[in-house]
Ligand SMILES: Nc1ncnc2c1ncn2[C@@H]1O[C@H](COP(=O)(O)OP(=O)(O)OP(=O)(O)O)[C@@H](O)[C@H]1O
Ligand SMILES: [Mg+2]
């Protein structure tokens with residue numbers, strides 16, 4: 001050992017000795033608290049700790065925090081003075097609360113989500129994400145650390161305003177459940193907006209991409225500020241007219257929908273931070289399945305819960321909205337899933353389902369555009385069918401909409417068929433492009449837009465041309481023209497031939513795709529190398545045969561027994 | 001009594017070859033950033049990775065650090081594939097990038113503490129490890145300084161400390177000496193030497209061969225994504241010294257000897273200067289010996305033979321051709 005090393009080890013030992021001496025001087029209970037808090041800190045997400053430390057020092061946080069504190073104090077004084085004589089005898093809480101809400105909404109629904117966005121974006125920008133992603137933190141831990149630290153800041157803002165809100169409550173005019181509902185609403189929307197902001201952050205590619213995503217995030221934040229505001233105001237002013245049980249059911253339903261959607265967003269944000277060689281797809285597909293399940297289940301439950309009598313016909317809006325949502329959701333998500341990369345690294349293949357049953361059921365969750373197409377189509381058909389069945393139930397029970405059920409079914413079938421054809425189009429376009437250029441999943445969105453455009457414009461243009469640009473009426477030649485066909489179907493003015501044609505084409509193409517899929521796109525599971533398996537077992541602490549640990553401090557030679 | 005320090009259970013490498021690149025390719029569109037590079041580094045060795053700007057050093061190092069994927073070929077750290085087992089690679093790998101971003105409002109201690117936590121170090125082990133790193137890199141005095149205010153050299157030290165925080169068996173240092181003053185360079189050399197003595201395998205890159213010559217067991221010279229030469233510095237020097245200046249001092253018949261030499265394949269640019277015959281010799285040392293023997297058997301009265309080898313810098317310039325992508 002060199003003298004330098006020796007001296008350096010000696011200093012280290014001195015430090016440790018010093019540490020011990022200081023530890024012995026402190027009282028036991030303090031030491032216990034210290035130990036306990038260290039252990040607690042070790043359980044927390046490192047990013048949460050770092051960002052909290054950063055926030056406490058950052059100008060942005062300190063400014064926002066003190067501004068909020070100051071403004072709430074100011075409003076407490078000004079608002080109270082303004083309503084001075086009346087404040088003693090008439091309920092004045094709503095007026096004060098609206099002021100507090102306005103104050104709180106800015107940091108909670110704007111500043112914190114934007115700060116979370118900035119924080120993740122600057123990690124990507126400055127290359128610190130590279131350093132983070134080679135640590136033991138998983139992408140999901142990175143994201144959840146960001147989420148947690150943003151949530152903590154949000155809570156701090158909430159706490160600042162807590163005394164003011166309590167003061168407002170004593171002025172009467174707002175009951176406790178309403179206040180609680182308001183807070184839950186604010187916190188839940190704040191959390192969701194943080195997740196949305198994080199989702200947009202790492203999308204950035206170059207300056208234009210950055211500006212675009214910043215604009216998108218700001219637009220979403222502003223819109224939701226204006227969407228949530230009126231709800232909050234009416235809640236404060238007129239309270240909640242629904243009975244408690246109904247309120248709870250509605251709240252739970254909205255939270256379930258929001259949570260499952262946010263889960264999809266979180267999974268895809270994490271996937272973008274995951275290296276290409278790993279399986280980034282299965283998690284998202286699980287999340288999508290869970291979201292679909294929750295959406296359908298919530299709709300069914302809400303319809304059943306709020307069904308009172310035959311006059312509950314407005315409940316039909318729920319399945320119809322569900323159908324519209326599913327169409328929009330799958331047009332985007334299906335396009336993304338169908339443009340996944342087909343590359344299967346040995347790493348991914350190791351984790352493929354191995355058993356026959358597993359292969360049968362889980363293959364559609366494994367990465368790749370081919371399985372993605374089947375996954376999208378099957379889930380789309382299943383969920384759209386569920387929405388139609390639900391509508392049927394409502395219609396039967398209330399007697400309303402019964403005459404239009406056939407029309408709705410036709411529309412559902414057509415939309416599903418058209419989307420299936422569009423997915424196949426996306427798959428073809430992306431496969432074609434990918435053979436030449438590196439293609440991002442997001443190109444899928446453009447691909448589905450192009451496919452949809454072509455399906456409408458091409459037949460229309462051709463027939464216009466053949467017709468010497470004179471107007472013409474709808475005919476089965478326009479079957480691929482989904483816009484026109486759907487309109488005709490909506491007007492209940494459609495030939496059965498067209499429906500058969502569209503559905504038949506979609507089904508035939510889909511089956512053809514399934515047949516072509518074959519063994520080539522359904523790779524077999526690969527065995528994990530023994531050494532790798534051993535290493536994972538060792539890391540999990542399952543292997544007793546632990547190799548001798550290394551001795552970074554070179555202290556083994558200091559051991560008197562050695 | 002001093003409590004026995006329990007070392008952090010670091011990942012112990014049991015492979016003889018700790019870094020291995022097998023026919024690694026990485027293309028960015030038409031740019032072949034790394035083009036069929038293979039080499040391996042044995043445990044405890046320091047490998048210098050040398051090349052001009054845009055040679056592909058950073059690209060191949062990023063692949064080794066699991067931050068990028070190769071277009072073709074494979075890379076292994078401690079026998080684990082960077083493509084298939086990135087987690088296992090990350091456990092045993094410390095990476096110091098050529099430029100590294102920092103965080104606002106964070107001081108050095110917090111920065112290192114954050115990464116220690118991110119590598120799963122907990123409790124007193126973490127504190128101990130942090131102190132060790134601060135001492136080793138000589139950054140203890142600036143633990144409380146905000147990172148944004150650090151000088152380049154200080155930042156480099158901190159970054160090295162960060163790469164060492166989880167006691168990795170393999171270190172990848174991308175131009176650690178860039179922007180350092182001479183004293184800091186010597187310090188860096190000492191640190192690298194010490195780490196290698198502790199059994200770490202180190203891959204270190206630089207633009208300058210001389211900078212690495214002393215600390216590396218072997219070097220690889222890369223240009224335009226191609227590995228042009230590998231081996232110890234002496235080997236490369238010996239191999240490349242083929243192109244050297246030879247000066248003969250012949251007592252008579254200098255002109256005739258020059259003609260004799262001009263007809264031979266290894267000799268170029270002959271100049272006769274009185275008794276001196278200067279020329280450039282291209283060939284192995286053995287060829288040189290053969291030539292001298294032939295000249296003497298041919299009866300030329302050679303009094304003196306001198307051969308100028310080229311400096312490391314000349315070797316580097318000769319190996320690389322100065323093409324920029
Ligand atoms: N992300 C990228 N996209 C496109 N081209 C890239 C990318 N990264 C590297 N390149 C190209 O690959 C080649 C090798 O770059 P690399 O950074 O590996 O060189 P280097 O040897 O580290 O150079 P330097 O000494 O300047 O750091 C360069 O031509 C560079 O332009
Ligand atoms: Mg570089």
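Filtered by the rule that a residue be over 15 Å from residue B:159 (Cα atoms), within 14 Å of chain A (Cβ to nearest Cβ) and in a strand (DSSP E or B), segment B:170-217 gives B:170, B:201. From the list A:131, A:97, A:120, pick out the single residue that is farther than 21 Å from residue A:66 by Cβ and in contact with a strand residue (DSSP E or B) (Cβ under 9 Å, 6 or more places away or on another chain). Answer to the check: A:131. Evaluated against (1) more than 16 Å from ligand 2 (Cβ to nearest atom); (2) within 11 Å of chain A (Cβ to nearest Cβ); (3) within 30 Å of residue B:222 (Cβ to Cβ), residue B:159 falls short on exactly one condition, (1).
Matching residues to (1) more than 7 Å from every other protein chain (Cβ to nearest Cβ); (2) closer than 20 Å to residue A:276 by Cα; (3) in contact with a strand residue (DSSP E or B) (Cβ under 7 Å, 6 or more places away or on another chain):
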| residue | (1), (2), (3) |
| --- | --- |
| B:82 | yes, yes, yes |
| B:92 | yes, no, yes |
| B:103 | no, no, no |
| B:108 | yes, no, no |
| B:121 | yes, no, no |
| B:126 | yes, no, no |
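All of (1) within 14 Å of chain A (Cβ to nearest Cβ); (2) assigned to a strand (DSSP E or B) hold for residue B:227 with one exception: (1). Would you be able to say whether some residue in segment B:233-246 is under 12 Å from the mean Cα position of the chain (by Cα) and over 19 Å from residue B:133 (Cα atoms)? Scanning segment B:233-246, I find at least one residue that is under 12 Å from the mean Cα position of the chain (by Cα) and over 19 Å from residue B:133 (Cα atoms), so the answer is yes. For segment A:429-445, the tally of residues that are part of a helix (DSSP H, G or I) and surrounded by fewer than 14 Cβ atoms within 10 Å (Cβ to Cβ) stands at 1. Among all positions in segment A:446-467, there is at least one residue which is in contact with a helix residue (DSSP H, G or I) (Cβ under 6 Å, 6 or more places away or on another chain), farther than 29 Å from residue A:492 by Cβ and touching a residue at least 12 places away in the same chain (Cβ under 8 Å).
Kindly indicate whether any position in segment B:221-234 is modelled with pLDDT under 85 and in contact with a strand residue (DSSP E or B) (Cβ under 8 Å, 6 or more places away or on another chain). Yes, some residue in segment B:221-234 is modelled with pLDDT under 85 and in contact with a strand residue (DSSP E or B) (Cβ under 8 Å, 6 or more places away or on another chain). The test for being crowded, with 21+ Cβ neighbours inside 10 Å, within 23 Å of residue A:415 (Cα to Cα) and over 23 Å from the mean Cα position of the chain (by Cα) holds for residue A:315.
At the interface with chain A (Cβ under 9 Å from one of its Cβ atoms), more than 23 Å from residue A:124 (Cα to Cα) and surrounded by fewer than 21 Cβ atoms within 10 Å (Cβ to Cβ): is that true of residue B:131 in this structure? Here the answer is yes, as residue B:131 does meet what is asked. If the condition is being in contact with a strand residue (DSSP E or B) (Cβ under 8 Å, 6 or more places away or on another chain), part of a loop (DSSP other than H, G, I, E, B) and away from ligand 2 (no atom under 13 Å from the Cβ), then segment B:27-66 contributes B:43, B:44, B:45, B:66. Given the structure, is residue B:113 within 16 Å of ligand 1 (Cβ to nearest atom) and either more than 7 Å from chain A (Cβ to nearest Cβ) or outside any loop (DSSP other than H, G, I, E, B) (or both)? It is false that residue B:113 is within 16 Å of ligand 1 (Cβ to nearest atom) and either more than 7 Å from chain A (Cβ to nearest Cβ) or outside any loop (DSSP other than H, G, I, E, B) (or both). Against the list (1) under 30 Å from residue A:171 (Cβ atoms); (2) without any contact (Cβ under 8 Å) to a residue 40 or more places away in the chain; (3) more than 14 Å from chain B (Cβ to nearest Cβ), the condition residue A:33 fails is (1). Taking segment A:84-123 as the range and being within 14 Å of chain B (Cβ to nearest Cβ) and either surrounded by fewer than 19 Cβ atoms within 10 Å (Cβ to Cβ) or not in a helix (DSSP H, G or I) (or both) as the test, the residues that pass are A:118, A:122.
Residue by residue, here is whether (1) within 16 Å of ligand 1 (Cβ to nearest atom); (2) farther than 18 Å from residue B:95 by Cβ holds:
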{"position": "B:189", "(1), (2)": "no, yes"}
{"position": "B:192", "(1), (2)": "no, no"}
{"position": "B:195", "(1), (2)": "no, no"}
{"position": "B:202", "(1), (2)": "no, no"}
{"position": "B:209", "(1), (2)": "yes, yes"}
{"position": "B:218", "(1), (2)": "no, yes"}
{"position": "B:226", "(1), (2)": "yes, yes"}
{"position": "B:232", "(1), (2)": "no, yes"}
{"position": "B:237", "(1), (2)": "no, yes"}
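Could you grab me the full set of residues in segment B:65-78 that are closer than 12 Å to residue B:95 by Cα and within 12 Å of ligand 1 (Cβ to nearest atom)? Within segment B:65-78, just B:67 meets the criteria. Checking each residue of segment B:161-169 against the condition of being part of a helix (DSSP H, G or I), touching a strand residue (DSSP E or B) at 6+ places or on another chain (Cβ under 6 Å) and in the same structural domain as residue B:21 (by TED's automatic domain parsing) gives at least one match. For residue A:44, are the conditions met, namely being closer than 22 Å to residue B:124 by Cβ, within 10 Å of chain B (Cβ to nearest Cβ), out of contact with any strand residue (DSSP E or B) (no Cβ under 6 Å at 6 or more places or on another chain) and at pLDDT below 60? In short, no.
The values are calculated or read from the model by the stated rules, or taken from the named source; none is laboratory data. On a predicted model such as this, the values are computed, not experimentally measured, just so you know. Please note: Cβ atoms are built from the backbone with ideal geometry, for glycine as well, and neighbour counts cover all protein chains shown.
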